[in-house]
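To start, the structure itself, in structure tokens.
The values are calculated or read from the model by the stated rules, or taken from the named source; none is laboratory data. Quantities reported herein were computed from a predicted structural model and do not represent experimental measurements. When we count neighbours, we look across all protein chains shown, and the Cβ atoms used for this are built from the backbone with ideal geometry, even at glycine.
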Amino acid sequence: MALTEERPLALPSGDVETDYSPTGVFTRPTADTGWRSWITTVDHKKIGIMYGATAILFLIIGGLEALLIRLQLWSPNGTLLSADLYNQVYTMHGTTMVFLVVMPIGAAFANYLMPLQIGARDVAFPRINAFSFWVYAFAGIFINTSWFLGGAADGGWFMYAPNSGVVFSPTHGIDFWNIGLLIAGIASLTGAVNLIVTVLNMRAPGMTLMRMPVFTWMTLVTQFLLLFAIPVLTSAQILLMMDREYSANFFNVAKGANPLLWEHLFWVFGHPEVYLMILPAFGLVSEILPTFARKPIFGYPFIVFSGVAIGFMGWGVWAHHMFVSGIGPISVTTFSLTTMFIAVPTGVKILNWTATMWGGKLRFSAPMLFSIGLVTMFTIGGLSGVMHSVAPMDTQQTDTYFIVAHFHYVLFGGAFFGFMAGFYFYWPKAFGYMLNETLGKTNFWLMLLGFNLTFAPMHVLGLQGMSRRIYTYSAGYGFEVWNKVATVGAFILASSVALFIFNIFYSKSKSKNLPPVGADPWDARTIEWMTPSPVPAYNFDPTPTVSRVDDFWYRKYGETKDGKLVRIAKTEDVVQKRTDGKGIHLPSPSYWPIVVAFGLPIVGYGIIYSLWLALIGGIIVVGGIYGWVMEPPDDPDLAHDDDHGPESHSSSDGAAHDVASESESSTEAKEVETVV
Amino acid sequence: MSETLTSRPSIAEADAHQPGAHIDHDTNTGISNTKLGMWLFLASECLLFGGLITTYLLYRRPLEGPGPHDVFDIPFTSVSSFVLLMSSLTMVLAVSAIERREHQRMRVWLGATALLGAVFIAGQIYEFTAFVREGLGFTTSRFSSAFYTLTGFHGVHVTIGIIMLVSLVLLSMRGKLPEHRSETVEIVGLYWHFVDVVWVVIFAVVYLIP
């Protein structure tokens, strides 16, 4: 790879910023601690933590909605919720869990970990990163305010038109859903651009693409999926908005509208969407399984390319959501076949994880248990997924609880188990203390039990013919027992999530009496574990030079001829010491991301209620963007207190380039040394 | 791996303090972050317009009201399309001017680009009002909704481009756009060319296909 291509840079060293006076209407904020530091931060780590915390708040909301659903279905002819309220609750449960929980937790890990895994200082556009987070947070709040403003959306998370038109849903619920997700789409899009540029452009010396940790690879694939999937949803939502707010005819069947248009557009987005929800979790367990098996990941290129293959093939399977919509035998056959094919790269990954564990010295810590939970539970969900590729069978199962069981096995048993594994694994890195292992293991077994009690019976219910989205059922169909089991399971599941949240605070209070965790509590493999825990603002000092996959591991361990692992260096000698970080140039905080993001929901309320409000929101957005652009690029006094002239700049640039290109050709550390 | 199994000699690590390690100073691909970001954004925009163009193709034959070729004035729209395409030329000239450090000339060409874009938008507004007078309202038929949404959406993109161009001229007049930031002009240019290319597709699909 040509890392060393000589070309004039955008800022050639020498004639920088001397004659250039930034328009400093406002100075940049400087707070390092307190609430100001959080709302103005552009640090990818703080933003990652905020993504995670906000997503957990929405998880609690979405979880309570799930419990309401299960209580309603506890016995035949349930009366807890009316039919109308039930529609709103399941719609908001799905919307919340997909858009406000699973996607943001993926973004949380991507934000926090990916720059650390590639040895970067921050993401490519730190202010846009903060903007993405605030847009997401405000969009989530915006959608949920519909509960207090005449009722929430009630069309299911896929919001099929024309059913979601004004005729069938006259309240503002669907408007809130529609405009809220349009706003959230801005967050996903800007986040995707930001993270892709970061991975492609900002890797540490020697970190070629095929040396990147698997999680970083999966982040890259995920963000590309977002980049191309979100605009398709956006275009569909613009059509729906035009229909609902301005009486257009996109879904007006009386004027010849095609009711399949929304379904196609939605699922062209929707199927890549399910892969972009699961791939971050795949990346996380690909980090965790090798650590606790003390073996490298089995078939690194295969696991990378199967992830990329899923990213490509995910675009060719959308119509398997529409087998019963009358799309014709040719389409059904085509999409049946593509759906069967996409099981292959997924199967490759399952095989690789199993082979990684095979013969390893397994340590069954909490993160490992959750990872194994993902591998097993996702396999069950994957198998029921392949069943749906068989069109005649799919016809039987469509809109029954069998589908509900399937996608909860892949999204909860897959994505969420992976996220739990990631939380337990990376908690010491992010917060400087370990989560209690005993509670963690209890957490796992409780969650596994609750999960299977909730969703396994739904397979049976579905095959018995219980349809999705009905708010009640009559006695005598044989649904009673399994619904009761599922409801009990849902409460066990909720208690396991509560136990996790308790564990956070419990472990925090206990950690005061314990020695600090150190940089590398798990004896891990990738370079993010070289940073002190919790990670300092500057990430790495010095920036590591990477010479192979699992670079950090091979700084600690070597192999004898017969493949035995031998420790060659003490962990304490290999990891980085916490420095004061003086002189490391960091992006300065900024007020503007939250200001611009704040304007967007106001525009949203304006579109629904009054265009005057939209005008005010628009002024905030545009004014915020101008403030953003005019903001001085940096505070020159901050973090620049050691002198480095232009000369040292250009020379050290060259050195870094040489290391990068040379270590490419050889993994021998000695050769790298001779270059410098 | 080696047989001796000694600790690896301390590898020369890149100094984190060097300004070169600061973001934006050098990149792995050699393309600057902002330019790569703009390319990715435009890739995403392709899908957005793709969705709207597909919708238009599905709905271009109305069940009632005037059809496409009852209202379209092809010569008029051809002229306004030509004006928009010429704005790409002036945009290129603006980028080339700033690279030769000719600030005054760059401002002239940027202004010309914005003006040509504004002429196009004025043409679109005229066209829309003429269509409405001929009985093609936004809610008249499935064709009218799809037509106004697609072309209007493109018009919004052109308008945002004009705002960016005018902002660049104002920044430059106040001396806030020195040569080393010339890439900003190039990136706005990328957006502008993209909007033009999309119009070529829309013009062909909407106006020219019988």
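What to note about this one:
- All conditions but one from (1) more than 13 Å from the chain's Cα centre (by Cα); (2) in a helix (DSSP H, G or I); (3) surrounded by 24 or more Cβ atoms within 10 Å (Cβ to Cβ) apply to A:GLY283; the one that does not is (1).
- For the range A:87-102, filtered to residues that are aliphatic (A, V, I, L, M) and under 20 Å from A:MET420 (Cα atoms), the residue that is surrounded by the fewest Cβ atoms within 10 Å (Cβ to Cβ) is A:VAL98.
- In a residue-by-residue description of the range A:22-43, the property of being within 14 Å of chain B (Cβ to nearest Cβ) and crowded, with 20+ Cβ neighbours inside 10 Å applies to at least one position.
- Selected residue (criterion: surrounded by the most Cβ atoms within 10 Å (Cβ to Cβ)) from residues of the range B:35-59 that are more than 11 Å from the chain's Cα centre (by Cα) and among the aromatic types (Phe, Trp, Tyr): B:TYR59
- Out of A:ALA204, A:ALA229, one residue alone is buried (at least 24 other Cβ atoms within 10 Å of the Cβ), within 14 Å of chain B (Cβ to nearest Cβ) and in a helix (DSSP H, G or I). It is A:ALA229.
- Summed over the range A:569-595, residues that are over 18 Å from A:ASP43 (Cα atoms) and hydrophobic (A, V, I, L, M, F, W, C) total 3.
- Any chance A:ILE380 is surrounded by fewer than 22 Cβ atoms within 10 Å (Cβ to Cβ) and more than 23 Å from A:MET212 (Cβ to Cβ): yes
- The residue that is nearest to the chain's Cα centre (by Cα), among those in the range A:346-370 that are of a type outside the set (Phe, Trp, Tyr) and outside any helix (DSSP H, G or I), is A:SER365.
Every residue, every condition in (1) touching a Pro at 6+ places or on another chain (Cβ under 9 Å); (2) surrounded by fewer than 20 Cβ atoms within 10 Å (Cβ to Cβ); (3) in a helix (DSSP H, G or I), yes or no:
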residue	(1), (2), (3)
B:PHE82	no, yes, yes
B:GLY111	no, yes, yes
B:ALA114	no, no, yes
B:GLY123	no, yes, yes
B:PHE128	no, yes, yes
B:VAL132	no, yes, yes
B:SER144	yes, no, yes
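- Residue within the range A:227-234 that is in contact with a Pro (Cβ under 8 Å, 6 or more places away or on another chain) and either more than 30 Å from A:VAL546 (Cα to Cα) or among the hydroxyl-bearing types (Ser, Thr, Tyr) (or both) present: yes
- Of the listed requirements (1) surrounded by 23 or more Cβ atoms within 10 Å (Cβ to Cβ); (2) among the polar types (S, T, N, Q); (3) on the phi > 0 side of the Ramachandran plot, A:SER132 misses just one: (3).
- So A:PHE479, is it more than 12 Å from every other protein chain (Cβ to nearest Cβ), surrounded by 15 or more Cβ atoms within 10 Å (Cβ to Cβ), touching a Leu at 6+ places or on another chain (Cβ under 8 Å) and of a type in the set (Phe, Trp, Tyr): yes
- Residues of the range A:342-361 that turn out to be in contact with a helix residue (DSSP H, G or I) (Cβ under 8 Å, 6 or more places away or on another chain) and closer than 18 Å to A:GLU287 by Cβ, as a count: 10
- First in the range B:41-54 and within 8 Å of chain A (Cβ to nearest Cβ) and farther than 13 Å from A:ILE238 by Cβ, second anywhere and buried (at least 21 other Cβ atoms within 10 Å of the Cβ) and of a type in the set (Val, Ile, Thr), Cβ under 6 Å, 6 or more apart: B:PHE41/A:VAL193
- When we screen A:GLY359, A:GLY373, A:GLY347 for residues that are crowded, with 19+ Cβ neighbours inside 10 Å and out of contact with any His (no Cβ under 6 Å at 6 or more places or on another chain), the only hit is A:GLY373.
- Residue match in the range A:550-567 (condition: of a type in the set (S, T, N, Q) and closer than 21 Å to A:PHE425 by Cβ): no
- Yes/no for A:LYS295 being basic (Lys, Arg) and free of Cβ contacts under 8 Å to residues at least 40 places away in the same chain: no
- Considering residues of the range A:560-618 that are part of a helix (DSSP H, G or I) and of a type in the set (Gly, Ala, Ser) only, the residue nearest to the other protein chains (Cβ to nearest Cβ): A:GLY618
- Residue within the range B:146-161 that is surrounded by fewer than 20 Cβ atoms within 10 Å (Cβ to Cβ) and at the interface with another protein chain (Cβ under 9 Å from one of its Cβ atoms) present: yes
- The residues of the range A:213-224 that are within 11 Å of chain B (Cβ to nearest Cβ) and either over 22 Å from A:ALA597 (Cβ atoms) or surrounded by fewer than 23 Cβ atoms within 10 Å (Cβ to Cβ) (or both) amount to a single one, A:PHE224.
- Taken residue by residue, the range B:61-68 has at least one member that is modelled with pLDDT under 95, in a helix (DSSP H, G or I) and not polar (S, T, N, Q).
- Among the candidates A:ALA486, A:ALA475, A:ALA456, A:ALA430, the residue that is touching a residue at least 24 places away in the same chain (Cβ under 8 Å) and within 24 Å of the chain's Cα centre (by Cα) is uniquely A:ALA430.
- Only one entry of A:MET447, A:MET466, A:MET530 meets the criterion of being surrounded by 20 or more Cβ atoms within 10 Å (Cβ to Cβ) and farther than 30 Å from A:PRO115 by Cβ, and that entry is A:MET466.
- Residue in the range A:506-527 that is over 31 Å from the mean Cα position of the chain (by Cα) and assigned to a loop (DSSP other than H, G, I, E, B) present: yes
- Flag set for A:THR545, criterion: of a type in the set (Val, Ile, Thr) and within 14 Å of another protein chain (Cβ to nearest Cβ).
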